[in-house]
Each structure stands twice: as structure tokens, then as C-alpha cells.
Amino acid sequence: MDIIKRCEWCGKEFHAHTLVTRFCSRSCTDKAYKYQKNRARIEQAQNEEETQVATLAEIAIKGKDFISPSEAGILLGTSRASVYRYLQAGIFPCLQLGNRTIIRRKDIENIFDNPRPYRKRFYHPREKVDESNYYNLTQLVKKFHVSKTMINNRIEKFHIAKIYQGRYVFYKKEDIDQAFSDIRINFNRQDYYTADEVVEKFGMTHGAVMSFVKRHSIPRITHGRTVYYSKVHINTLKKIAEGVVDPNYYTRTEISKKYGLTKDQVSYLIKRYKIPYKRIGAFSYYPRVEVDKALLERNCGEYEVLINAKD
């Protein structure tokens, strides 16, 4: 019975006679075999080259009393970045001369003379805690209405001690209350919109809402996992967008509707008569007195041209 399979080399479908057939023809089989051989040969050459480079580097630093961080990494069998972390932690000293960092080989060897006792990683001593005097992470999220990431960042910033009890982590209430004293706990839901509420109320897309709150720097607060945006700020800006403005000013749309002008004609009028404007948010407003005066001058000028042409 023939089985329809796809060739692993050329990708074409073919009728295989056995379940273990992988290629559609002898040609594809030979090409795949040669590819695997070449790949194995290249990998072997790369490994030999890396080994040779490492050997040469070890030989180069063998008789040196002063070495660089890269050479120290070769000596310790670690990376250059790890060596800089060791230096920052003060595990062994170094000397900085301009842009160069010099390490004495003897200092690296001396750290093994009196090493610290081996300590198992991630070991935390457990002690019985009185939960009435401690918070856990879930309680902190509910109390301050912020995310776990924000809580962990602040705990690291203020170096708040952690106490492990089983699979839970506890923090002293006095330490937490001091570190989180500036977090706003009171939250009036009526003063805020969610992004979905803005979408529904103003007919915007979610992307438009995100762009709107970012462009106008709308104040926000995170309550649990939900982000809320100031209702006062959004309503104010949206009212401006809907045309509720100072009655002493025109918008471009109002000028166009009142005098029957196109957008280009409105732009020319503003530029020609140098009409001042004020900007509120993303909108420009023009004094009614200046606009009416400019339109009167324009219309009178056209009337005089027509009278002169008749005469």
C-alpha cells in the first residue's frame, strides 16, 4: 500500500512504499546525505578552531602577572561580563588606568586561599510568623490596588526583608506601610474611565484611545490589573472636540459653514489677513471679530471690482 508523504529535502509530495521513507528520489537522498556530512565537517572545524583559540589564549596569559578582564575570564573559565560583576562585588581587586582595567593574577589565585564555606543556592531560613503583623503579596495587591511587578520593584528599592513561611512570602507591616506611604489607597470609581468605556462612549477604536491618552498625558491609576483614566480630563478635551468653545471664537468648520467657503479658501483667508488664533488641545480657534472683519473687507473688495468692470 502506498503512503502519501512529503519529501524532507525538496518538499514535494510522493508515494512512499514504507513508513520510514524520507525522500522522494535517489537524487534527494544523495543531496541530503552530502548536506549532513558537510554540516558535521563544518561543526567539527569550528569546535577545533575554538579549542585552538582558547589554548593559545591560555598560553598567552600563562607567564603574565597582570591581565585584562577578558584574560581573567579565560583563566576562570567564565565570561568577561562575569568578571566585571566579580570586580563590582569586590571579590578581587583591580586597578583602573584610563579606559583600561588591570587585574593582578596573584589576587585571583589568592581568593582560593580562604574561601567562604559552600552554601546551597536559594536557601532561605524559615521562621514562624504572626500573620497579624505581616502582609503577603496577595494582601498588598488588594490593599494598594497596584500590580505585583510594582510591589516587587518597590520592595527591592527599599530593601524590605522577606520572611518565608512554606510557599508564602511575608513582609513586616511597619516596613511596608513606610515604603508605600505615598501610594494612593482611596479610589473613587466614578472619577475614572476604563479604555473600553472611552471606546463605547466616544465611538473611538482602542488604538485611538491609547494614542489619545498618551498624546494629552491623561492622568491614570492602576487598580488591580485594570488601568483607569481621569474622567474630568477626557470629558474636557472631548467637549472641546465636540465644539463647546468660547462664543467669541470660530473654528475652521464654523467659518466654512457660515460663509460657504471651502477648506482651502478658509486657509487662504486666515493667511491673507493674518488672523490671530489660539490653540486648545489639537484645535485652533479664531476671533469672530477678526474673521468677520476680514470677510467684510474681502466681500467689499470683490463688489468694488464688479462695479468698476460695469463702468
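Pairs are defined by a Cβ separation below 7 Å, a sequence spacing of at least 6 or placement on different chains, a first member in segment 247-260 that is among the small types (Gly, Ala, Ser), and a second member that is at pLDDT 80 or above and crowded, with 17+ Cβ neighbours inside 10 Å; the pairs so defined are SER256/VAL266. Name every residue in segment 1-11 that is part of a loop (DSSP other than H, G, I, E, B) and touching a strand residue (DSSP E or B) at 6+ places or on another chain (Cβ under 7 Å), in order of residue number. Matches in segment 1-11: ASP2, CYS7. Per the listing THR149, THR138, the residue uniquely loosely packed, with under 12 Cβ neighbours inside 10 Å, modelled with pLDDT under 85 and among the β-branched types (Val, Ile, Thr) is THR149.
The values are calculated or read from the model by the stated rules, or taken from the named source; none is laboratory data. Worth saying up front: this structure is predicted, and the values here are computed from it rather than measured. Neighbour counts are summed over all protein chains in view; Cβ atoms, including those assigned to glycine, are modelled from backbone coordinates with ideal geometry.
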